[in-house]
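Working notes for the structure below.
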Amino acid sequence: MGVSRLEHVNIRCARLAATKAFYIDIIGLSDGPRPAFPFGGAWLYCGDTAVIHLVDAADHPGSWTGTLERASDHQTGLDTGAFDHVAFRGVDFEGMREKLRAAKLAFRDRVVPGTGLKQIFVPDPEGVMVELNFD
């Protein structure tokens, strides 16, 4: 027993519109169907899979666990602990660098030693680091 794939990453947003635009306009995801939750948000798709779920923090100040019975009082769900970044496979390394420059977004890039893998790291408007990997 175990897991077979990563389903999605959920991001609570203080700036929902800016964060949604970043993932669509910069990263290249598409806006798609989302259940009629009683709080604002968006589901952003890579192909047929909703890989990024955005939740409007103004509508939903607690985490999703706030809607469930908690196992204990200390389990607030508000701290994601050591979460560092989310990674995507990228297409067109140079084109992405130019897109980020044109959008005046701070980023860093590197080649992973001994592999030839090129990487770009760029924070989204909420401060979540996005890693883009290019062959």
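Each value in this text was obtained by applying a stated rule to the coordinates, not by laboratory testing. Predicted model only: the values in this text are computed from it and were never measured. Note: ideal-geometry Cβ built from the backbone for every residue, glycine included; neighbour counts use all protein chains shown.
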Practice prompt. Just order 4-16, 82-94, 101-113 by mean Cβ neighbour count inside 10 Å, highest at the front, would you?
Written response: 4-16, 82-94, 101-113
Practice prompt. Quick one: which residues, 5 or more positions from Val9 or on another chain, have an amide H under 5 Å from its amide H? H modelled 1.01 Å from N in the peptide plane, none for Pro or chain starts.
Written response: Ile52, His53
Practice prompt. Treat each spin label as a single point 7 Å out from the Cα along the C-beta direction, and report the Arg101 to His85 distance in nm.
Written response: 2.0 nm
